[in-house]
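Read-outs throughout are calculated quantities, based only on the coordinates presented, and are distinct from any laboratory measurement. Note that the coordinates shown come from a computational prediction; the quantities given were computed from them, not determined experimentally. Note that we place each Cβ from the backbone using ideal geometry, even for glycine, and neighbour counts take in every protein chain shown.
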Amino acid sequence: MKKFGTAHWAGDLQTGKGQVSTESTVLDNTPYGFNTRFEDEPGSNPEELVGAAHAACYSMALSMILGQHDATADAIDTKATVSLEKDGDGFSVTKVHLEVKASVPGLDEAKFMEAANAAKEGCPISKLYKGGTAEITMDAALV
């Protein structure tokens with residue numbers, strides 16, 4: 001399987017403007033720029049897109065692992081906060097923190113945490129960070 005996203009950029013870093021799109025057109029020429037990344041202007045930025053991708057991937061991985069233990073979630077809500085920090089002359093993603101709340105009838109806390117940690121390690125987006133500089137942390141709660 002291959003999926004794609006596209007980006008267009010015009011201009012210099014601080015005053016230039018860009019648009020980001022996805023193959024599905026869920027994002028279709030969505031604006032992004034220096035002001036949407038480093039200031040409080042409306043629009044998107046790479047870090048929130050990575051966060052959304054990680055949250056979605058994690059939630060699906062957790063659902064799969066729960067299913068392997070004959071459990072089905074009524075709900076899994078995941079927030080992935082991506083930290084972008086100054087790194088020498090540039091910037092690096094240094095951390096991703098997952099906040100997970102799940103309602104899984106009949107599952108005890110220990111089995112939930114085992115599944116939650118397995119999903120954190122095994123989801124394909126988490127694997128993108130292995131060997132890199134980003135640390136992935138998590139707070140998970142069975143509700």
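Quick notes on this one:
- Spatial offset of the range 106-143 relative to the range 83-103 amounts to 15 Å, using the alpha carbon center of each.
- Lys/Arg +1, Asp/Glu -1 at C-beta; the range 64-143 dipole; positive extreme among A73, L84, H97: L84
- Table column - 3J(HN,Hα) (Hz), the range 115-125, Karplus curve with 6.51, -1.76, 1.60, x for Gly and Pro: 5, 4, 5, 4, 5, 4, 7, x, 5, x, 6
- Remark: the range 69-83, residue by residue, has Karplus-estimated 3J(HN,Hα) of 10, 6, 10, 10, 7, 6, 7, 10, 10, 10, 10, 10, 9, 9, 9 Hz, where x stands for each Gly or Pro and the curve is 6.51 cos²θ - 1.76 cosθ + 1.60 at θ = phi - 60°.
- Between I136 and V96, the built amide H atoms are under 5 Å apart, and every one of these is 5 or more places off in sequence or on another chain.
- Hits among lysines - C-alpha to C-alpha of K101 under 17 Å, sequence gap 8 or more where chains match: K79, K111, K120
- The phi torsions of the range 12-23, fed into the Karplus equation with coefficients 6.51, -1.76 and 1.60 and a -60° offset, translate into couplings of 7, 4, 7, 10, x, 9, x, 9, 10, 9, 10, 4 Hz, rounded to whole numbers, with Gly and Pro shown as x.
- Percentage relative contact order, the chain, counting C-alpha pairs under 8 Å, at least six apart: 18
- Check: the chain dipole with +1 on Lys, Arg Cβ and -1 on Asp, Glu Cβ, in debye: 420
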